[in-house]
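Reviewing the structure listed below.
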Amino acid sequence: MNMQSKLVQFDMKTGLSPDVKSIQRKLSQMQGMYADEGARSLMEAADDVLVYEFHDMHLPEQAGDIAFGTSITYPGKVGHEYFMTKGHFHTILDTAEVYHCLRGNGYLLMENPEGDWEARELKAGVSVYVPGRYAHRSVNISDDEPFITFFAFRADAGHDYGAIESKGFRKLIIEQNGRPAIVDNPKWK
């Protein structure tokens, strides 16, 4: 038997790995993701800041294997909307995923094609199971620390960003009266 294990380090404070380079998303790569595109564009022109990054472990994308890594969403807002990941469905739509919060405070926003949605708040030590058929997005509601999660899903599931890029999510998480609030997305198609 020829075992093919993989050992990877993740820094528990930063979520980053010295073993694998992260994939980074700056404001310039988030066009159309925020309700207030004008505010996003102005922020990008002033400073194209890093919104989030994640690790692709470069594992085989084969049935039976598990992909895993960390996602780091930094603190910040575009207008009143918190920094977030683009979000995605899986290409194999029935794929479930698990997220475990290592640090920070945020939400996992989820929705399926039929219109059902949930938003689960995560703090360090809390995990959420994302059922198959649900797109999901991380949202950092902290003013001063990154929202860091560890994730795992079937390795051959793939990612479908296109559906979210064209339609967005039905709901937004914004700051309202100094607290997170979930509101309808006025741009949702």
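The values are calculated or read from the model by the stated rules, or taken from the named source; none is laboratory data. Remember, it's a predicted structure, so these values are computed and weren't measured experimentally. Cβ: placed from backbone, ideal geometry, glycine included. Neighbour counts: every protein chain shown.
Going through Met43, Met33, Met57 one at a time, which residue ends up being touching a helix residue (DSSP H, G or I) at 6+ places or on another chain (Cβ under 9 Å) and assigned to a loop (DSSP other than H, G, I, E, B)?
Within the list Met43, Met33, Met57, the selection yields Met33.
Being crowded, with 16+ Cβ neighbours inside 10 Å, within 20 Å of Glu121 (Cα to Cα) and modelled with pLDDT under 95 is true for just one of Gly15, Gly87, Gly76. Which residue is that?
When all the criteria are applied, what remains is Gly15.
Condition first: touching a residue at least 40 places away in the same chain (Cβ under 8 Å) and assigned to a loop (DSSP other than H, G, I, E, B). Now tell me which residues in the range 95-112 satisfy that.
Passing the criteria: Thr95, Ala96, Gly104.
If I ask for residues that are in contact with a strand residue (DSSP E or B) (Cβ under 7 Å, 6 or more places away or on another chain), part of a loop (DSSP other than H, G, I, E, B) and either among the polar types (S, T, N, Q) or surrounded by fewer than 18 Cβ atoms within 10 Å (Cβ to Cβ) (or both), which ones from the range 156-189 would you list?
His159, Tyr161, Arg170, Asn185 - these are the residues of the range 156-189 that are in contact with a strand residue (DSSP E or B) (Cβ under 7 Å, 6 or more places away or on another chain), part of a loop (DSSP other than H, G, I, E, B) and either among the polar types (S, T, N, Q) or surrounded by fewer than 18 Cβ atoms within 10 Å (Cβ to Cβ) (or both).
Okay, residues lined up against (1) surrounded by 16 or more Cβ atoms within 10 Å (Cβ to Cβ); (2) within 12 Å of the chain's Cα centre (by Cα); (3) more than 24 Å from Glu165 (Cα to Cα):
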residue: Ile92; (1), (2), (3): no, no, no
residue: Trp117; (1), (2), (3): no, no, no
residue: Glu121; (1), (2), (3): no, no, no
residue: Val126; (1), (2), (3): no, no, yes
residue: Arg133; (1), (2), (3): yes, no, no
residue: Ser142; (1), (2), (3): yes, no, yes
residue: Glu145; (1), (2), (3): no, no, yes
residue: Ile148; (1), (2), (3): yes, yes, no
